[in-house]
Structure formats: C-alpha cells, structure tokens
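The values are calculated or read from the model by the stated rules, or taken from the named source; none is laboratory data. These figures come from a predicted structure and were not determined experimentally. So basically every Cβ, Gly included, is an ideal-geometry build from the backbone, and we count neighbours across all protein chains shown.
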Amino acid sequence: MTERGDSSGELFPERERAPVSLARRLRPERLDQYVGQQHILAEGKLLRRAIESDRLFSIILYGPPGSGKTSLGHVVARSTESALVMLNAVEAGVSDLRRAIREAALRRPRRTILFIDEVHRFNKAQQDVLLGPLEDDVVTMIGATVENPFFYLNQAVLSRVKVFEFGPLSDEEVRTILERALADSARGLGDYTIDIAEEAVVHLAANSLGDARRALAALELAVLSTPPDRNGVIRIGLPAATECLAKRVVRYDRDGDAHYDVASAFIKSIRGSQPDAALHWMARMMAGGEDPRFIVRRLVIAASEDIGLADPRALEVATSAAKAVEMLGMPEAKYALAEAAIYLATAPKSRTCADAIARAMEDVESGEAFEVPDHLRDASYRGASRLGHGAGYEMPGSEAEGRAQHYLPEERAYYRPGDDGYEREVRRRLDRWDAASTTARTDNDR
C-alpha cells in the first residue's frame, strides 16, 4: 500500500528503485497534458470538472491496456489536496483494505482518495469491505480495470460508483504521445539525437492497438538498442520499428467482455449480409484462441434464427461445419468455418421461423395451451375408440385436403412466410393449397 498526502511524487513511488520506463516517466502531470478520452475529459465534461474542482466522486475507469487509466490517476495524484492511497488488487488483501479505510476515517474531515489498480481482481469479501466506506464517504475510490466491471463487480459496489469507459487511443493520439517523447528532454528522449523515419512513426502508432505504453516501450527499445552513427545520430527506420514492436497481439479474452462483443459483431455481420466483416470477427475469435465449437454454435443459431426457410440449406451448411470441427479440429476446420460464415452471410435472410415459434411459445406460456381435439388424439391402443379418440379424423389424400381439416381448436397464424429466397415458394405453395381446400369445402357444402 502506498500513501501520498501531497501533490508530488510518482503514483507508485515505492517501485522507483527499478529503472523507470519511458511510459512512466512521460505520464502527464496536469489535465492539459493528458492525451485521449475526450469523450469524457473534454472541457466541460463531468469528469474533467470534478477533477479540476477537486470534487471527485467514486469512479471506475474501465478500458484496454495503455489507454490512460493509471495516467489519469497520476493526474489526480498531482492535482488533489486529498490524501491519496494506492492499492493493487493483485497484491492487497482484506487486511490491507481495512487498514487503508481505518486510516482514512482517522483523517476526516480531510478526504482520502483510494486508487485501486486492477479492481476487478477483488473477490466478494474484499468488495463487501468497500460498501460501507463508499456509502459513508470515508473514501473516494478510483478503480482501474481492463475488464468489464459489470461482469466482475457486484451490484452493491456498482451502485455506489460511476463507470467511465475508456477506448483505445487513436493512431493520431498515439503519434502525439510518441512525438512528445522524442521532444521532451526532461522526461523523454529529447537528449538523444534521433532521426526517425516517418514510416517508422506511422508503423508504431498504427500497430500498437491504441496502447500508448506499448508504443512507447517499442520506441524506447529502438532508441536504446540502435547505435548512433559516426555523427552521433540514432537513425531509426521501419525495420527497426517493426522489430522492436512485438508481434501484434490480438485483444481477445475468452472470459471477458471482448468475447461477447466480438461474438456479437460476428453474428450481426452475418445478419447484415456482410461476409468480409463476418470473416474478420471470426478470424479475431480464432486468433484469440476461441473454442471453434463456440463459433460453430453461433453459425447454427444464425442459420436457424436469421435465415430460416429463406434458405433451408443454410442449416445444412452450418451443421456440416459443426461436424467438420469435430472431425478435423483446428487449424484445418477454419476452412469449413469460413465457408459456412460466407454462405450464411450471403444467404437471403428471414426471421419468420424464429418469429413463428416465439408467437407459439407466447401463446402457450400465457395459458393458451389447447386440449388436443378428439379427432387428433392417439387411437392406436385398445379402447381408444370407446373414448372417442380419433373419431372424425380423415387421412388427407393431398396437401389441400390436409389444409382443409382443423388441427387447432382455434385458428392461429404463427408462421407467416416472407418474400425472400425459398420462402417465396413456401408462400405460393400454402396459398395454392388454401385455394384448393376452399374450393373443396365449397364443393362439399353443395
């Protein structure tokens, strides 16, 4: 646990014995130095006003790595007149948390800001310890997390904080930070004579996944590992930048919200008839190590829910892909998955089947569970005829005759064929049978 009661020093000063990385040295000290997250930190925004007026309320900062969550905590550390206590949820136990809260109570009326990094790591017992102090304003919490707090924090904690979602930094924002690092002599690399190619800067900014920490680490490595030429100039071209920026890591957590977001994008791309988008999101899941059975289940669902009878082959293709996944495994199964995703995305769409079963389920669940009419009851066992079961049932000699009989006590229209793909034929068929059955009933009435 780290405590600070003034406006100087680093956010985690006890760790300063180790060499300080460029990313940490370059952390902003004031809001006007902060880059990114303008949707919540632009002039006039609630969070900015709260920080500038030193009236910060309990918040959760949620977003991807390197997007500026800890940097914002650093800004608060520099600007607040409150006591500031830092905990890392990976290292802190219940006893550390209770001690921080007990000491905060002794400081009152002076306010204590409790910065908790990786707050999603707190278990239920640790989260419960926070409830009273947050409710009674003993501490003002700043929680930082890369995981969706709505998945990891209980509702009691969430009801006492405001969640701000951070997004990845844009290429331009990452570039601004890189250029600041190159120019800053006090905290950055300004003391070096560096000639960095434009394409190298573009590569670092574009391939850091919006992670400023990653981009700065690559830049620092490139500078420190490149010997100066005979004129003392460190020249960094695209090859050096590419080498120092580790292989682009796909941001995908099978147990986190990226799992649900990417899967949602995949399904919606298929539904929106966008095969290229569907392939991208599916590749994202594959690269992230997603279980291929999860992917193929989404395909089967899409085939039956979003395509249905507009193209009955879609379900065949999806279930064939499921069989291929079981037979082949990865990586070979990716071809069958790709074929299925493209087929489904380019197939005509219809939700009439999904809507039909939804209407039927709604009727049944609301109490419209009809008794089976006598003429439809099972008459295959001895004594059934004595109960009247099967009496009046006529084996249809044609589809029209079948349509002429009643199979529900009251008429229902659950399934309503659409006008896309194969359903046009289904509609024509049903209309033809209905016309023939009407004619047959009229002839019988004569």
Per the filter on the stretch 287-297, residues closer than 20 Å to Lys349 by Cα and buried (at least 22 other Cβ atoms within 10 Å of the Cβ) are Ile295, Val296
Hits in the stretch 84-102 (condition: within 16 Å of Leu134 (Cβ to Cβ) and surrounded by fewer than 19 Cβ atoms within 10 Å (Cβ to Cβ)) = Val94, Arg98, Arg102
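Tell me the residue from Ala356, Ala333, Ala324 that is touching a residue at least 60 places away in the same chain (Cβ under 8 Å) and among the hydrophobic types (A, V, I, L, M, F, W, C), please. Break it down stepwise before answering.
Details: Ala333 fails: touching a residue at least 60 places away in the same chain (Cβ under 8 Å); Ala324 fails: touching a residue at least 60 places away in the same chain (Cβ under 8 Å).
Within the list Ala356, Ala333, Ala324, the selection yields Ala356.
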Keeping to the stretch 322-349, report how many residues are buried (at least 22 other Cβ atoms within 10 Å of the Cβ) and in contact with a Phe, Trp or Tyr (Cβ under 9 Å, 6 or more places away or on another chain).
-> 1
Please specify each residue of the stretch 256-300 satisfying the condition of being closer than 15 Å to Ile342 by Cβ and part of a loop (DSSP other than H, G, I, E, B).
-> Gly272, Ser273, Gln274
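Name the residue, out of Arg78, Arg27, that is of a type outside the set (Val, Ile, Thr), more than 32 Å from the chain's Cα centre (by Cα), buried (at least 16 other Cβ atoms within 10 Å of the Cβ) and not assigned by TED's automatic domain parsing to the domain that holds Glu179. So that I can check it myself, show each step before the final result.
On the way: Arg27 fails: more than 32 Å from the chain's Cα centre (by Cα).
Residue meeting the stated conditions: Arg78.
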